[in-house]
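Student: I'd like to ask some things about the structure below.
All of the numbers you see were taken from the coordinates with simple rules; none came from a lab. Bear in mind the structure is a predicted one, so any value in this text is a computation, not a measurement. Neighbour counts are summed over all protein chains in view; Cβ atoms, including those assigned to glycine, are modelled from backbone coordinates with ideal geometry.
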Amino acid sequence: MQINEDLVAGDLVNLISHVFEIDSYKSKIGEDGDLVVLSFTADSKAPADDLARFFEMGYDFVVDADATNGPVDNGKFKVFVEIERTKHVSKQIIELLDGASRLTGSNNWKFRYYKSFKSIPADLETLEAAIPKDIDSYDERVANNEMNNFSNFFRRGFAENVSVLEDDIRFERVFAESVNMRIKDFDRKDALYSRIPGAIKLGSKDMSEIMFLTKTLGNYNITKINNTFIFENNGYAVALEMI
């Protein structure tokens, strides 16, 4: 199946992450309340450029599409796509994903809204519920999303950089090894604890691990249940596992 003059179906298989972000980055051409910014992650420069060109040339509702000149978090490249924030944006994203699926072979797209901890399946219903359609609802959504945002949640920590790739979170410090963990859950503290089965671990190995995370990531209240570490901040909590 011909995609355009340069790309054919399957050209980007295993080169583009199936998890993308919405409104995690600022628009480069307008106001964030007016434009929805999608960000896709590519393994290297060439597939990033190909995907950006495919989106920009293939869809008249795409206002702008561009790839980063160099690698960003985790050595990957980003592809940014900007679309007007209207009542049609969710259907337009589904259309973009349908085209991207032909290139990548991926049919299990997931998205993370505004640097949220959890990624969720990208279907029309979830997109409609997640994406604000006008400036006022955008401002309200961003304000209410303050803690469900990995950059904000770990802002007072010791890591110089916190990044998320698919469902893994990476904490980087100068002159120290990075810490990599898997995101399991996020919610208000009481709700999250009610979903984590098992007893609190208080053994010497467990306390040593908690002390390491406290010294490495920041002075958060950390509880270990089975293999899950629960970090608390301002009434909210995120559950992470070592990888």
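Student: Is it possible to state the helix-based mean residue ellipticity at 222 nm for the chain, with each DSSP H run of 4+ residues giving -39500 (n - 2.57), the sum divided by total residues, to the nearest 500 deg cm²/dmol? What is it?
Tutor: Details: 7 runs with 72 residues, N = 243.
Value at 222 nm, helices only, nearest 500: -9000 deg cm²/dmol.
Student: Right, something else. Once you've got the Cα coordinates, tell me which of Lys110/Lys189; Lys26/Lys224; Lys26/Lys215; Lys45/Lys224; Lys189/Lys215 are over 29 Å apart.
Tutor: On the way: Lys110/Lys189 25 Å; Lys26/Lys224 36 Å; Lys26/Lys215 32 Å; Lys45/Lys224 40 Å; Lys189/Lys215 22 Å.
Pairs exceeding 29 Å: Lys26/Lys224; Lys26/Lys215; Lys45/Lys224.
Student: Using alpha-carbon pairs under 8 Å, 6+ residues apart, how would you state the relative contact order of the chain in percent? Walk me through the numbers before you get to the answer.
Tutor: Values: 446 pairs, mean separation 37.1, N = 243.
Dividing the mean separation by the residue count of the chain yields 15 percent.
Student: What share of all Cα pairs of the chain, in percent, falls into each consecutive 5 Å distance bin?
Tutor: Calculated over all Cα pairs of the chain, the distribution is 1, 6, 13, 17, 17, 15, 12, 9, 6, 3, 1, 0, 0 percent.
Student: When you count, for each residue, the other Cβ atoms within 10 Å and take the mean per peptide, how do 43-51, 167-175 rank with the highest first?
Tutor: On the way: 43-51: 18.9, 167-175: 14.9.
Ranked by mean Cβ neighbours within 10 Å, highest first: 43-51, 167-175.
Student: Follow-up. Taking Cα pairs under 8 Å and at least six residues apart, what relative contact order does region 150-242 come out at, in percent?
Tutor: Details: 145 pairs, mean separation 26.3, N = 93.
Reported as a whole number, the value is 28 percent.
Student: Rounded, prolate or oblate: pick one for region 19-144, where a ≥ b ≥ c are the square roots of the eigenvalues of its C-alpha gyration tensor, a/c under 1.5 means rounded, and failing that, prolate if a/b is larger than b/c, else oblate. Can you show the working numbers first?
Tutor: On the way: a/c = 1.42, a/b = 1.36, b/c = 1.05.
Rounded is the answer for region 19-144, as its axis ratio a/c remains below 1.5.
Student: What is the helix-to-structure angle for 45-58, meaning the angle in degrees between its Cα long axis and the longest Cα principal axis of the chain, kept from 0 to 90 and rounded to the nearest 10?
Tutor: 50
Student: Report the net charge of residues surrounding Asn221, where surrounding means a beta-carbon distance below 13 angstrom and charges are Lys +1, Arg +1, Asp -1, Glu -1.
Tutor: Numbers: positive: Arg156, Lys189, Lys224; negative: Glu232.
Result for the local shell: +2.
Student: Using the 10 angstrom Cβ neighbour count as an exposure proxy, how do Met57, Met242, Met181 rank, fewest first? Working shown, then result.
Tutor: Details: Met57 15, Met242 12, Met181 19.
Least crowded to most crowded, the residues run Met242, Met57, Met181.
Student: Placing +1 at every Lys and Arg Cβ and -1 at every Asp and Glu Cβ, with all other atoms neutral, what dipole size does the chain have around its Cα centre, in debye to the nearest 20? Display every interim value, and only then the final one.
Tutor: Values: 29 positive and 41 negative charges, 262 e Å.
Using only the charged Cβ atoms, the result is roughly 1260 debye.
Student: With the chain treated as a Gaussian network of Cα nodes joined by springs under 10 Å, which of Leu38, Leu124, Leu97 yields the largest mean-square fluctuation?
Tutor: Leu124
Student: What's the local net charge at Thr41, with K and R +1, D and E -1, over the other residues with C-beta under 15 Å away? Could you put the intermediate results ahead of the total?
Tutor: Details: positive: Lys45, Lys76, Lys78, Lys110, Arg112, Lys115, Arg170; negative: Glu21, Asp43, Asp49, Asp50, Asp66, Asp73, Glu166, Asp167, Asp168.
Here the charged neighbours net out to -2.
Student: Let me ask something else about it. Out of every Cα pair in region 150-242, what percent are spaced more than 23 Å from each other? Intermediate values should be presented prior to the final figure.
Tutor: Numbers: 753 of 4278 pairs.
Distances greater than 23 Å cover 18 percent of the Cα pairs.
Student: Could you please report the charge total around Asp167, scoring K, R as +1 and D, E as -1 over all other residues with beta-carbon less than 13 angstrom from its beta-carbon?
Tutor: +1
Student: Beta carbons within 10 angstrom, averaged per residue: use that to sort the peptides 98-106, 141-149, highest first. Walk me through the numbers before you get to the answer.
Tutor: Details: 98-106: 18.2, 141-149: 14.7.
Put in order of decreasing packing, that is 98-106, 141-149.
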